Structure formats: structure tokens, C-alpha cells
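Reading through the C-alpha cells given below for one structure.
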């Protein structure tokens, strides 16, 4: 599928993972809001909604932002929707030892939700690799899953960037029906936005590296394919060892090839800060680009000032002004409750608002099949993100991406790229 892009100026300041399922015992920790569940049938008029997000390591700022946004939506609704009371169970799919999400933790979270008969929805994941673990588990259990952050193409379609040889996307849906939807645009859209951005910035030779993970490698492919529509040269430098002490050799090799722009497909936890520092040291005045996987305070705050000044990242979040009065109210409420919002905070909020709406529309909000049916009949929803629908594959019809620069260690909105099919 081809996309057209329009770069719009504006005023104003996942996927690490594997395709194989990991079988582990159910477990994980989480706190319940209002009431706890015991894995049995819920009392009449009560349902449980789980979230699974990275709350430790480099992705913690984004994970917390998403969880806080969900909780804010539930708090404003009084933890009720569709004549049912909502018990919210936030879970962590990261570990302190790994410093990021792990297949074991995500599998345990998904199994816990699947086996809780009161559960009607699972909100997450942030990392697309984690979704590759949990979607099949939840699909077999007939449990609705809504992601505020997954962008990997292969989770829903066989378009460019999907690993069709591994069976994407069908491998994730063992019961042959869809239970998974996302409200963030997939990486065919982000790839087109990044390719347009680099052309608009005058790049002549673009180096592309990735972190060898499902999200990063897939997006690198999308950027490369979209870049073929422009005049700059593309240098696909492959993947990196995310545990390496430094990337000086790789950076010097790119310098020898005369590149003036650099893009990394990956997440902050994939040693992104060190990589960007080494590339910037080897190539004076290089323009640096990143994806939504590094759109967090740990990445922005970890870069030296001179490197940050030449770095731009894309994320499907726009300026506060783009979200109008409803957006202004959200940011005010969020800051009052949790402090300054991260770019993905608003996506957590809309994920919460969407599932509330789904429960309101479901014929029986306590029935998993009824909730899935309502999710996939989401059409022309007037949301804080704008009007969107969920298509039959589970993808959102939203296509706008924001471009963020970095100032004083913080992400600052720069411009909007409108991607049109």
C-alpha cells in the first residue's frame, strides 16, 4: 500500500521481541483499583480490565505515561461503563534485570488475564514484540486487546515490513478471528512520514540501522521502501548488537560512505543513546532521526546537547493546539494528577476512553465476544485524537505523525506530517 505525505509546519516548542511463544507459569504482580479479582467468575455487573506495559528500565517513562492516561480516563468515568463496574489491573511486562520488557513477563501477564473469567479487555502492549507474544494467547481465550503503542505492520497485515515467511499476521490469530486493535498508525505510515521528513530536510545520503527486533527491523524496511520515492541515496547498514559497549566502528564505516543523515529503527532500551552519540562523533553535522520507540524522556535527556540539537523523532502525537479545547483540558488534568505528559500519555488516555465506549456499546459488556464485536464496529469515533475508525484488520484510520525536536533534554513538538493513502 502506498502513502502520500504532506509536511505541515506548526507552532510550538514496538518491537523488541520474538515470534515464538514462550510458555511460562502464570504470575506477575499488579494492583487492583476498587476491587481484586480471584480468577473466578465476577460478580454481576463487574468486569476486569488489564493493562500490560513496561514499567521498568528505559521504557518506564512511556509505560507509566500510558498507564496514567488509561487510569485518568477510568477515574473520570468513575470506573463504570455500560452498566458495569470496572476493576483495573495494571501489570508490568518489564523486569529490573532485563531493563525492558521480556517474553516471560508478557506471556505471564497475558495468561493471567486470559484465565480470569471476569476479564473483558487487555490494554497494551507498548512494544510490538510483546504483542507478538500476547496476541495469540488472548486470541485463543477470545479476549479483546487494544494497543496504544504497537506499530509493527505484521501484527495486523501482510504489507511491506511484515515477516510473511514467518506467517505474519495469521500466526497471531490461531482461532482465525481478530481480537486485536490498535489506535496508533502502523509503520507503513510512520515509514512514509520519516522518508518525507528526511527529504524535506535536504538529506542526500541516508544510513539506516536497526536493533534486530521485530519493530525496529520492520520499520527500517518501511523507511527504506518509502525512501525509494525520493532522490537521496539509501545505505542499509543492517542491525546492531544492542549489548555492545560502543558503535564507533559502525559509525566510522558510515562516515566513510559519506552519509549526511542517519536513522535508527529501534527503542531506547536497545542502547540507542550510545549509538546516536557515536554516530554524531564520527560524522560532523549529521542529521539524526529516530522513531516513536525513542520518543521518551530517557532518550531525550540522555543525549548531549550538541547531539540532541541535530536529532528529530517521529511519534503519532501532535501539538497540544492540534487537539483543541478537549486536548487542553486533558493536558491540564493529566499534569495536575501525574505531572508533565510524555508524548504517549494522550494515547493511553484515548485507549481508556475507547474501551469505555466499547463497553457502553457492547450488547453484553460482561461477555468477551460481545466486547470484541463492539470493538470492531468502532466507526467515525469522535475522539481526542480526531475522528477515526477501526478497520477489519484492527488498524486505526488515523494517519498523522508529529515531528519532535529536543531542547533542554525534553521532546518539543516541531511539525506535523499528514500521510495520505
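All of the numbers you see were taken from the coordinates with simple rules; none came from a lab. Keep in mind that this is a model prediction, so the values were computed, not measured. A quick note on method: Cβ atoms are made from the backbone with ideal geometry, for glycine too, and the neighbour counts reach across all protein chains shown.
What's the center-to-center distance, using Cα atoms, between region 106-153 and region 368-382 in Å? Between the Cα centres of region 106-153 and region 368-382 lies a distance of 17 Å.
Across all directions, the average projected area of the convex hull around the alpha carbons of region 239-347 is 7.7 nm².
Evaluated over the Cα positions of the chain, the convex hull gives a direction-averaged projected area, one quarter of its surface, of 18.2 nm².
Taking each pair of different alpha-carbon atoms in region 136-275 once, compute 1/r for the pair, average those values, and report the inverse of that mean as the Kirkwood hydrodynamic radius in Å to one decimal. Walk me through the numbers on the way to the answer.
On the way: mean 1/r = 0.0616 Å⁻¹.
For region 136-275, the Kirkwood estimate is 16.2 Å.
As a ratio to 2.2 N^0.38 Å, the alpha-carbon radius of gyration for region 71-227 is 1.17. Per-residue ellipticity at 222 nm computed for the chain from its helices equals -10500 deg cm²/dmol, with DSSP H segments shorter than 4 residues left out and the rest contributing -39,500 (n - 2.57).
Rounded, prolate or oblate: which one fits region 183-243, using the alpha carbon gyration tensor with axes a ≥ b ≥ c (rounded when a/c is under 1.5, else prolate when a/b beats b/c, else oblate)?
oblate
Cβ-to-Cβ counts within 10 Å put 186, 287 in ascending order as 287, 186, the fewest first.
What percent does the relative contact order of region 121-249 come to when contacts are Cα pairs within less than 8 Å and at least six residues apart? Walk me through the numbers before you get to the answer.
Values: 220 pairs, mean separation 29.8, N = 129.
It comes to 23 percent, rounded to a whole number.
At a 10 Å Cβ-Cβ cut-off, how would you order 107, 389, fewest neighbours first?
On the way: 107 24, 389 14.
So the residues, fewest neighbours to most, are 389, 107.
Could you list 85, 387 in order of exposure, starting from the residue whose Cβ has the fewest other Cβ atoms within 10 Å?
On the way: 85 17, 387 11.
Ascending number of Cβ neighbours within 10 Å: 387, 85.
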